[in-house]
Amino acid sequence: MAKKQARIVVVGSANVDLTTFTDQFPKPGETLFGKSFDLGFGGKGANQAVAATYCGADAHMVARVGDDLFGPATIKNFKRLGVGTKHVKTVKGVSSGVAPIFVEANGQNRILVVKGANDKLTPKAVNKAESLLKKADMIVMQFEIPLETIYHTVKLAKRHNIPVILNPAPAMQVELDKIQSVDYFIPNESEAEAITGKKVKTVDDAKTCAAFLMSKGLRRVILTLGEQGALLANRDGMELVPPFKVKAVDSTGAGDAFIGSFAVFLGEGYDERDAIARANLYAAISTTGIGTQKSFIKRRRFEREWKKRSS
Ligand code: RIB
């Protein structure tokens, strides 16, 4: 079980997810019936904070929500789940972040994010949370907030010697020299492709891509490869950490389940290979349920599954 409780601070996004399950996508001008619909709390930052809380961390959000119906509901959801909300504030005259999501019969998703209030999370807002950030075991960020806020937080974390996990999702053109000090850079295949311009289909492609990122000064890269596992690249070399087989129904949020749980396992003191193996299982299990946060499991259940499946 947990070696020590990890304190995780997520500087990131909160959205409301509007998920439609369908076998077929409409063509332009066409109307089709979808199979079912799910409304839930999401946003890559929020999902990662919830996964971290479920895994047993003392997790906090630094985030912005809109002054619409979704804003107060999002804050209430964080409170209900035990995520710290002292630095989650409402921005007047702006909508909350929302994400219309489409899930195909095989569990594959397509997501459109409207950033809304997430775009108002400024460097100044991060400075206001400095006393919380400097006590973190790990700061976790994604790309659904302004890039200048990410660059600023990376510098702040370096000043206080706090490890940073950066999940460049969704992909954006990032100035790699401004994020070199992050401890873990964790893209999936499509994000790695978009950032490096190198295709990532096979494990060998992933190795080439990770080597390229390392050559740009990043210290550790974990490339998540879905059903192929996760590739760890550090200064000692590269290792593919194998996946766990499950019957997936909805892969939405699996990347967030990986990041949130990985931050906790690492923060608790597991070595990075073990932390990745555990996060692989946590993420795989999340694909067996629908929705994002709704598909995340609590630590006790995770440990039972780990015991059964890791030997
Ligand atoms: O990673 C899944 C998340 O991406 C969803 O919850 C959606 O809000 C988008 O941010």
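The values are calculated or read from the model by the stated rules, or taken from the named source; none is laboratory data. What you are looking at is a predicted structure, and each value in this text was computed from that prediction instead of being measured. So basically every Cβ, Gly included, is an ideal-geometry build from the backbone, and we count neighbours across all protein chains shown.
Observations on the structure shown:
- Residues of the range 199-217 classified as among the charged types (D, E, K, R), part of a helix (DSSP H, G or I) and surrounded by 14 or more Cβ atoms within 10 Å (Cβ to Cβ), total: 2
- Against the test of being farther than 17 Å from V9 by Cβ and either modelled with pLDDT under 95 or of a type in the set (A, V, I, L, M, F, W, C) (or both), the options A105, A125, A52 yield a single qualifying residue, A105.
- Within the range 23-47, considering residues that are within 16 Å of the ligand (Cβ to nearest atom) and aromatic (F, W, Y), the one farthest from V9 (Cα to Cα): F37
- Matching strands (runs of 3 or more DSSP E) fully within the range 218-259 where at least 1 residues are β-branched (V, I, T) and away from the ligand (no atom under 16 Å from the Cβ): 221-224, 237-241
- One residue stands out among those in the range 121-146 that are under 26 Å from L266 (Cα atoms) and β-branched (V, I, T): the one that is farthest from the chain's Cα centre (by Cα), which is V126.
- Within the range 63-84, tally of residues that are surrounded by fewer than 20 Cβ atoms within 10 Å (Cβ to Cβ) and more than 14 Å from G42 (Cβ to Cβ): 9
- I276 being within 15 Å of the ligand (Cβ to nearest atom), hydrophobic (A, V, I, L, M, F, W, C) and touching a strand residue (DSSP E or B) at 6+ places or on another chain (Cβ under 7 Å): no
- Meets criteria (small (G, A, S) and farther than 15 Å from D256 by Cβ) for G71: yes
- Where strands (runs of 3 or more DSSP E) fall wholly inside the range 1-62, the ranges with 2 or more residues that are of a type in the set (G, A, S) and surrounded by 19 or more Cβ atoms within 10 Å (Cβ to Cβ) are 36-42.
- Qualifying residue in the range 184-198 (condition: surrounded by fewer than 19 Cβ atoms within 10 Å (Cβ to Cβ), touching a Ser or Thr at 6+ places or on another chain (Cβ under 9 Å), among the charged types (D, E, K, R) and over 26 Å from V9 (Cα atoms)): yes
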